[in-house]
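The values are calculated or read from the model by the stated rules, or taken from the named source; none is laboratory data. The shown structure was predicted, so the numbers you read here are calculated from the model rather than taken from an experiment. Reconstructed Cβ throughout: ideal geometry from the backbone, glycine too, with neighbour counts over all protein chains shown.
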Amino acid sequence: MNRDIILLRTVEVAAIASYKYIGKKNKNLVDQAAVEAFQVMLKNEKGFKLKVVNGEGELDEAPMLFVGQILGDLEDPSVLTYDVSVDPVEGTHPAAYNYAGSISTIAFSRENTMLQLPEMYMEKLFVSTEFKECINLSKGIVFSIEAMQFHAKRKDLKCIILDKPRHQEIIRKMNDMGIIVRLIQDGDVLAAIDVVNGEADFVYGIGGAPEGSLMAALSISSDCKMQSRLVRYEEVWPNELETIERQNKERAWLEKYNLDFDSILHDLDLIDDHKVRFFAAGLTAGGSLKPVDYKNGKFYVNAFMSSHGIVRNFNSVYDVKKVNSLKPEIKFLFDKYKR
Ligand code: VTB
């Protein structure tokens, strides 16, 4: 079967499995359901292998979807292996408390093209196709916004940003600059999907680095642009007890991954493949994706895919009875994660 359909179905079924735990106030259960769905849906697929580059953590932290794990056709040595960045639930908190912001997502590219990113913070600027040539994060966010405004010949561009204490100053500044700011609690990958779907002009802010790989995949495959930079933990949490400990860890990580805090990382630095493919399905979703829903024996899932500058939004309906008789993997998951 076609790889794209397999991965699309995987994110959809992961969203359906996690649906059991939406609003149940337990982030781990939400995550475990989606992780198991990925594992089950991908383990027996033939014709390709997937190597996790950015996943649930190192082997000692994660039993499934750990960095280095290979999924798919393990028996046939002749099949191609692809690099994968995966986040079974991006936004476990909004999913556990049932507010907007969570999706299930994966991206794959040619083998050895994805950069492995540590569990650090990252400053990210993701802009729509129109502003591809305008931004330059090395000159700062204000410079980049002014360049976009100059290019568009108007000030009222739309930005999506996480409503976190670390962003309050830039939010004030953007308001002063005439930017229309949409605040979100969580989920900057979903916010980037909203940019691709035309709901905003750019996403800016400090979020997770591994999720930056997924945003880079989205950017390259939908002909947008993303620039990023790793950020010190102390810049986000200057007064935490954990900060000193984190400084040491970060130093070790940067050495191990051969990264630094100064370099501007472009989307193609994170994934060196123009043919990377990106997939997502809405969990609690929000913005341009609808949340997963169940009514009268059917699951309704809103999914998204981008590759080669082609952007697709899907309304998928799973008739539980029929699908159950089609694929044993899906039946297993639907039975186990029945709400
Ligand atoms: C969250 C989350 C984002 O980064 O903000 C997280 O909503 C890191 O920020 O979608 P906090 O440590 O302040 O929660 C993301 O997961 C991904 O970039």
Test result for ASN239, more than 21 Å from the chain's Cα centre (by Cα) and outside the structural domain of ASP188 (by TED's automatic domain parsing): no
Hey, GLN185 within 19 Å of GLY212 (Cα to Cα) and either assigned by TED's automatic domain parsing to the domain that holds LEU214 or among the basic types (Lys, Arg) (or both) or not: yes
Output for the stretch 36-60, where each listed residue is among the hydrophobic types (A, V, I, L, M, F, W, C), out of contact with any strand residue (DSSP E or B) (no Cβ under 6 Å at 6 or more places or on another chain) and under 22 Å from ILE330 (Cβ atoms): ALA37, VAL40, MET41
Strands (runs of 3 or more DSSP E) within the stretch 1-117 that include 3 or more residues hydrophobic (A, V, I, L, M, F, W, C): 48-54, 80-90, 103-110
Residue satisfying condition, being without any contact (Cβ under 8 Å) to a residue 40 or more places away in the chain, aromatic (Phe, Trp, Tyr) and farther than 27 Å from MET120 by Cα, within set TYR318, TYR300: TYR300
Failed item in (1) within 13 Å of the ligand (Cβ to nearest atom); (2) assigned to a helix (DSSP H, G or I), with MET122 passing the rest: (2)
Considering residues of the stretch 143-160 that are in contact with a Leu (Cβ under 9 Å, 6 or more places away or on another chain) and in a helix (DSSP H, G or I) only, the residue nearest to VAL181 (Cα to Cα): ILE145
Any pair with Cβ under 7 angstrom, 6 or more apart, that starts in the stretch 84-101 at a residue that is touching a residue at least 24 places away in the same chain (Cβ under 8 Å) and assigned by TED's automatic domain parsing to the domain that holds ALA34 and ends at one that is of a type in the set (Gly, Ala, Ser) and surrounded by fewer than 23 Cβ atoms within 10 Å (Cβ to Cβ): PRO94/ALA100; TYR97/GLY23; ASN98/GLY23
Close pairs from the stretch 172-186: first closer than 25 Å to GLY91 by Cβ, partner assigned to a loop (DSSP other than H, G, I, E, B) and more than 12 Å from the ligand (Cβ to nearest atom), Cβ under 6 Å, at least 6 apart: ILE179/LEU157; ILE180/ASP156
Subset of the stretch 14-35 (residues that are over 21 Å from LYS331 (Cβ atoms) and either among the basic types (Lys, Arg) or touching a Cys at 6+ places or on another chain (Cβ under 7 Å) (or both)): LYS24, LYS25, LYS27
Count - residues of the stretch 235-278 that are of a type outside the set (A, V, I, L, M) and either part of a loop (DSSP other than H, G, I, E, B) or at positive phi (or both): 13
Residue that is nearest to THR105 (Cα to Cα), among those in the stretch 161-197 that are under 15 Å from the mean Cα position of the chain (by Cα), part of a helix (DSSP H, G or I) and of a type outside the set (A, V, I, L, M, F, W, C): ASP188
Test set (1) closer than 22 Å to HIS167 by Cα; (2) under 17 Å from the mean Cα position of the chain (by Cα); (3) assigned to a strand (DSSP E or B) - ALA281 fails condition number: (1)
Conditions (1) loosely packed, with under 14 Cβ neighbours inside 10 Å; (2) at pLDDT below 95; (3) polar (S, T, N, Q); number of the one not met by SER263: (2)
Filtered residues of the stretch 167-191 (kept if touching a strand residue (DSSP E or B) at 6+ places or on another chain (Cβ under 9 Å) and surrounded by fewer than 17 Cβ atoms within 10 Å (Cβ to Cβ)): ASN175, ILE180, ARG182, LEU183, GLN185
Residue satisfying all of: in the stretch 195-235; touching a residue at least 24 places away in the same chain (Cβ under 8 Å) and surrounded by fewer than 18 Cβ atoms within 10 Å (Cβ to Cβ); farthest from ILE141 (Cα to Cα) among these: ASN197
Single match in GLU242, GLU250, GLU234 (criterion: over 24 Å from ASP4 (Cα atoms) and touching a Ser or Thr at 6+ places or on another chain (Cβ under 6 Å)): GLU234
